[in-house]
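Structure, as structure tokens:
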Amino acid sequence: MMEPLRGFQDGYLISLNLGTPPQVIQVYMDTGSDLTWVPCGNISFECMECDDYWNHKLVATFSPSYSFSSIRDTCTSLFCTNVHSSDNPYDPCAMAGCSIGSLVRGTCPRPCPSFSYNYGAGGLIIGSLTRDTLRVHGGDPLVLRETPSFCFGCVGSTYREPVGIAGFGKGALSLPSQLGFLQKGFCHCFLGYKFANNPNITSPLVIGDLAISSKEDHQFTPMLKSPIYPNSYYVGLEGISVGNGTIIEGPLNLRSFDLEGNGGTLIDSGTTYTHLPEPFYSHLLSELGSRITYMRSNELEERTGFDLCYKIPCSNISCSDDLPTITLHFLNGVTLTLPKEDCFYAVSAPKDSLVVKCLLFQMMDDDYGPAGVLGSFQQQNIEVVYDLEKERIGFLPMDCASSAAHYGLHQK
């Protein structure tokens, strides 16, 4: 199975073909969560603090009343128990007002009660579980494969979450889990953000056997198992090197978990920039600062919130630079030298023969949960393989535009 991803704003969109007749809804592909949800209701969908997204006219909503195959999920389903994060399978039906007899027999026909679902960056959604037909591309890109009774959230109100999400975690509700690919895996190759508004090229997302076969050129690091977030993808980051310098050793919690389950490095396509804990993050900034001779742009640092911004001289032809490379060092001896555009990005148009490029890494804010996060921006032009069969994550830097052309996703 192969699906195209389109870069938009701060992530990558996948198109969900839902319902009968089909309605196409674009949602973010997110490896950091399980639930797949779409905005529901033509007029009634409400999103607080989402003005910037409304201005882009992206948000299409799903209308269950227009699909004759759409039904509410029941309170007795495993998915209902899962979305309510309950250890007691009777809880959802008790909330739905079922009789004790129907609870014991498991025959209560009432729908799954409304749920809330929150995200690490503060986003919140409220909705109801719905089942409908999902169509995806199979082995033949021209043929759609139908998955009846696909379970997803039909969301009527959100806070800071204007666009739906396709969850690619390891939980029962996730898209690859419901499609039957959880024992195999998937891979993606995110195009650079310069292609974000190009309608003629999309990033390849491959799911199933093809995603994990013939990957001898990739470097693989083991997946770590988080005791509190078992459905997320964690790896162990040992350190970072700048240019040809020595490795700056990372704290132990970037590659292990404490007694409360905090720690590890989360791979999350739903987070834009890579986040590192202190004082490790400051050590990286110091090392970069000692090697870079360009003038700092304090104005852009204050305006953007990024910690290192430099004024790069430009000619009429290009704004090339000699900024140092950044290499991530993972468990199992895996070294990943990030493409330079994954680290420093032009945040302003050229002016007076100068362009300002900023380091797109950030400091980790929280002391709980993951110790660090590898965001989607640092995954551009890298094929990332989630080999769930062997419980490992693979990396291979490549030109994702060429990979898109290989899969027929580049229309010239």
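Summary of values
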read-out: Among (1) within 27 Å of Gly120 (Cα to Cα); (2) in contact (Cβ under 8 Å) with a residue 60 or more places away in the chain; (3) charged (D, E, K, R), the one test that Asp307 misses; value: (2)
read-out: Residues within the stretch 274-292 that are surrounded by 13 or more Cβ atoms within 10 Å (Cβ to Cβ) and either outside any helix (DSSP H, G or I) or among the aliphatic types (A, V, I, L, M) (or both), tallied; value: 8
read-out: Members of the stretch 336-349 that are outside any loop (DSSP other than H, G, I, E, B) and among the hydrophobic types (A, V, I, L, M, F, W, C); value: Leu336, Phe344, Ala346
read-out: Residue selected from the stretch 13-32 under the condition hydroxyl-bearing (Ser, Thr, Tyr) and at pLDDT 95 or above, by the criterion nearest to Pro176 (Cα to Cα); value: Thr31
read-out: Count of the stretch 222-250 residues which are polar (S, T, N, Q) and either under 20 Å from the mean Cα position of the chain (by Cα) or crowded, with 18+ Cβ neighbours inside 10 Å (or both); value: 4
read-out: Positions within the stretch 301-335 being of a type in the set (Asp, Glu), more than 18 Å from Gly375 (Cβ to Cβ) and part of a loop (DSSP other than H, G, I, E, B), in sequence order; value: Asp321, Asp322
read-out: Count of the stretch 232-245 residues which are part of a loop (DSSP other than H, G, I, E, B) and either within 14 Å of Asn332 (Cα to Cα) or modelled with pLDDT of 95 or more (or both); value: 4
read-out: Filter pass, Gly243 being more than 26 Å from Tyr117 (Cα to Cα), touching a residue at least 24 places away in the same chain (Cβ under 8 Å) and out of contact with any Leu (no Cβ under 8 Å at 6 or more places or on another chain); value: yes
read-out: Residue among Leu144, Leu134, Leu129, Leu175 that is surrounded by fewer than 23 Cβ atoms within 10 Å (Cβ to Cβ) and either free of Cβ contacts under 8 Å to residues at least 60 places away in the same chain or in the same structural domain as Ala60 (by TED's automatic domain parsing) (or both); value: Leu144
read-out: Unique residue being in a helix (DSSP H, G or I) and either touching an Asp or Glu at 6+ places or on another chain (Cβ under 9 Å) or not basic (Lys, Arg) (or both) when the list is Leu210, Leu205; value: Leu210
read-out: Of all residues in the stretch 251-266 being in a loop (DSSP other than H, G, I, E, B) and either within 23 Å of the chain's Cα centre (by Cα) or free of Cβ contacts under 8 Å to residues at least 60 places away in the same chain (or both), the one that is nearest to Gly375 (Cα to Cα); value: Gly264
read-out: Test: residue in the stretch 323-331 that is at pLDDT 95 or above and over 17 Å from Asp342 (Cβ atoms); value: yes
read-out: The listed residue being part of a loop (DSSP other than H, G, I, E, B), over 18 Å from Ala196 (Cα atoms) and not acidic (Asp, Glu), out of Gly369, Gly408, Gly394; value: Gly369
read-out: Selection within the stretch 350-375 - over 20 Å from Leu338 (Cα atoms), surrounded by fewer than 21 Cβ atoms within 10 Å (Cβ to Cβ) and of a type outside the set (Ser, Thr, Tyr); value: Pro350, Lys351, Asp352, Leu354, Val355, Asp365, Asp366, Asp367, Gly369
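The values are calculated or read from the model by the stated rules, or taken from the named source; none is laboratory data. Note that the structure is a prediction, hence the values are computed from the model and not measured. Glycine also receives a Cβ, built like all others from the backbone with ideal geometry; neighbour counts cover every protein chain displayed.
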